[in-house]
Every structure is written in C-alpha cells, then in structure tokens.
Amino acid sequence: MTERRAAPRYLRIADALRARIRASRRGGAERLPSEHALCRQFRVSRMTVRQALDVLCREGLLSRQVGRGTFTSPVPAERRLRVIGSVEDMLALGDETWFKPLERMLTPAPADAAAALRLAPGAPVARFTGIRHGDDGPFQHVTAYVPEAIGRRILEADLSATSVIGTVERELGLAVKYLEQAIEVMRCPRGIARLLAVAAGSPILRFRRTYFTASGEPVEHAVTFHWAGRYPYAMMLFRSEATPR
C-alpha cells in the first residue's frame, strides 16, 4: 500500500481498501462491508468513509448499487481511471504499465531540459525516449532527460517494467521528494501520433515534469505526450497539515 502520512484520512482509507481489493479480487463482483462496518473498522465518521469510497468509485474499482450496497468491479477498472494524489502514485504509474524503449543516448541538452536540470546550455545529458503501454495499447510518448553522471549509470538498465525515474530511485538511491509539473493541451504531432496509433492533430495532453530530491537537486526532466483515451487519470489535491483558519 502506498503510505501517505500527510494525506487526509479518507485518502489513506482509500489506499487500504484499494490494496485489499487488488489482493482479494477473483474476477467477479464482491460486496464490500457496509459503511457502518467500515466506520467501526477505521474509527472514522460515515462522511470520511463515503469520501474514500467515492475515490475508488471514480477509479472504477467500486460501483454502488441502490438498495444492495457497494461492490467491487468485475474487471481491473483502475486502468480506466487512475487517481493520482502523491509522488508515490505518480511513480507507481510506471510500475503498473510497461515501457518500450525507442532510443537512449548521451546528447547535448536542449534549452528547456538544461534549464529544468539547472545545467549550462548544451551540457551533456542522457536522453531516454520510448512508448508506455497499458492494457488498451500505447498511451504515452516519453522523452526523459537526466544529468550525464546519472545517465551513464543507468544507460543500459532494463526499463520495460518501470520508468527512468523509478530506475534512478531503485538503482542509485536518489529518492524523489517532489516534482514540478506543467500541463497543456496541443495537437498531436504526426510522428508521435503514428507511434501512439492515433490521428495526427488529435488533441493530446503534454506534461513537462521535473523531479527533485529532498535537497532540491533536479534529477530528471521529462516531456510526455499522454493520450487519455487509453489511460485517463484524475489528479487529487489536498491541503497540507497547516491549513489556514
């Protein structure tokens, strides 16, 4: 289970229920304990339990049936809508799908990557390019840049079942503390559309993400074209512990 100590209680309950559902799923729909039973189990109010169940319903893991209760979905619907609420969730996306590398090399950093990684223009970086696949087919074109010193150590790593940043964490022990992300909608370039098997010019999401360690050191800058038709997900934002009065 993804641990989120600073997250609201309902998100932590959703994490616990999600892990339980995945561990016990047998293919068919199964009835969840009643809301009252979940309140007693987690020692929270009914509103908190309902918020947790709402998260899993939006992901497609659960469905409510009037007069009968709440049931698990008979298919792994988390592929249809993945709720992202933490850095851990973002990294888990790389572990729950598979990656087909297209190219990896040492190359001069383009201006945007150099600025994001706080490098001099044209400084050497390792560039990794590939296509991420889910159950319904290819859904992301990813280009990731890491500083040369990091890139040389993972240039030959097997990325098929993980991500570049996941490999940086596991192989080099450089834990990600936070990330900066910019999102825009644009028309899908022809070359990327061909690789994702979508129509050229279709609206597509472009993410620019920079990952940082606890010391504030940038360790990866990635540009991702995301086709939400095959892998939609929702962002969930929550207050820090120090909330304004």
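The values are calculated or read from the model by the stated rules, or taken from the named source; none is laboratory data. Quantities reported herein were computed from a predicted structural model and do not represent experimental measurements. A quick note on method: Cβ atoms are made from the backbone with ideal geometry, for glycine too, and the neighbour counts reach across all protein chains shown.
Among the residues of region 91-98, is there at least one that is in the same structural domain as Ala161 (by TED's automatic domain parsing), at pLDDT 75 or above and surrounded by 14 or more Cβ atoms within 10 Å (Cβ to Cβ)? Step through it out loud before you land on a result.
Kept after step one, since they are in the same structural domain as Ala161 (by TED's automatic domain parsing), are these residues of region 91-98: 91-98.
With the extra rule that they be at pLDDT 75 or above, the set shrinks to 97-98.
If we keep only those that are surrounded by 14 or more Cβ atoms within 10 Å (Cβ to Cβ) too, we end up with 97-98.
The answer is yes, given that some residue of region 91-98 is in the same structural domain as Ala161 (by TED's automatic domain parsing), at pLDDT 75 or above and surrounded by 14 or more Cβ atoms within 10 Å (Cβ to Cβ).
For region 195-211, check the following and say yes or no: at least one residue is small (Gly, Ala, Ser), surrounded by 14 or more Cβ atoms within 10 Å (Cβ to Cβ) and in contact with a helix residue (DSSP H, G or I) (Cβ under 6 Å, 6 or more places away or on another chain).
No, the conditions are met nowhere in region 195-211.
Could you list, in sequence order, all residues of region 38-54 that are among the charged types (D, E, K, R) and farther than 19 Å from Gln65 by Cα?
Of everything in region 38-54, those that are among the charged types (D, E, K, R) and farther than 19 Å from Gln65 by Cα turn out to be Arg40, Arg43.
So which of Ala161, Ala157, Ala175 is in contact with a helix residue (DSSP H, G or I) (Cβ under 9 Å, 6 or more places away or on another chain), within 14 Å of Tyr211 (Cα to Cα), of a type outside the set (D, E, K, R) and in contact (Cβ under 8 Å) with a residue 12 or more places away in the chain?
Numbers: Ala161 fails: within 14 Å of Tyr211 (Cα to Cα); Ala157 fails: within 14 Å of Tyr211 (Cα to Cα).
Answer to the check: Ala175.
Counting only residues that are assigned to a strand (DSSP E or B) and among the charged types (D, E, K, R), which one in region 99-133 is surrounded by the fewest Cβ atoms within 10 Å (Cβ to Cβ)?
So the first thing to find is which residues in region 99-133 are assigned to a strand (DSSP E or B), and the list is 99-108, 124-133.
With the extra rule that they be among the charged types (D, E, K, R), the set shrinks to 100, 103-104, 127, 132.
Values: Lys100: 12, Glu103: 10, Arg104: 19, Arg127: 20, Arg132: 21.
Among them, the one singled out is Glu103.
Can we say Thr210 is over 19 Å from Gly134 (Cα atoms), at pLDDT 90 or above and either among the β-branched types (Val, Ile, Thr) or not assigned by TED's automatic domain parsing to the domain that holds Thr143 (or both)?
Numbers: over 19 Å from Gly134 (Cα atoms): yes; at pLDDT 90 or above: yes; either among the β-branched types (Val, Ile, Thr) or not assigned by TED's automatic domain parsing to the domain that holds Thr143 (or both): yes.
Yes: the conditions hold for Thr210.
Collect the residues in region 22-54 that are modelled with pLDDT under 80 and either outside any helix (DSSP H, G or I) or surrounded by 12 or more Cβ atoms within 10 Å (Cβ to Cβ) (or both), keeping them in residue-number order.
Across region 22-54, the qualifying residues are Arg22, Arg25, Arg26, Gly27, Gly28, Ala29.
Scan region 133-153 and tell me whether some residue there is closer than 16 Å to Ala222 by Cα and without any contact (Cβ under 8 Å) to a residue 40 or more places away in the chain.
No: zero hits.
Can you tell me how many residues within region 141-163 are under 23 Å from Leu196 (Cβ atoms) and modelled with pLDDT of 95 or more?
Counting residues in region 141-163 that are under 23 Å from Leu196 (Cβ atoms) and modelled with pLDDT of 95 or more gives 5.
For every residue, the table says whether it meets (1) in the same structural domain as Glu96 (by TED's automatic domain parsing); (2) buried (at least 20 other Cβ atoms within 10 Å of the Cβ); (3) in a helix (DSSP H, G or I).
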{"residue": "Ala149", "(1), (2), (3)": "yes, no, yes"}
{"residue": "Ser160", "(1), (2), (3)": "yes, no, no"}
{"residue": "Arg170", "(1), (2), (3)": "yes, no, yes"}
{"residue": "Val176", "(1), (2), (3)": "yes, no, no"}
{"residue": "Gln181", "(1), (2), (3)": "yes, no, no"}
{"residue": "Ile192", "(1), (2), (3)": "yes, no, yes"}
{"residue": "Val219", "(1), (2), (3)": "yes, yes, no"}
{"residue": "Ala222", "(1), (2), (3)": "yes, yes, no"}
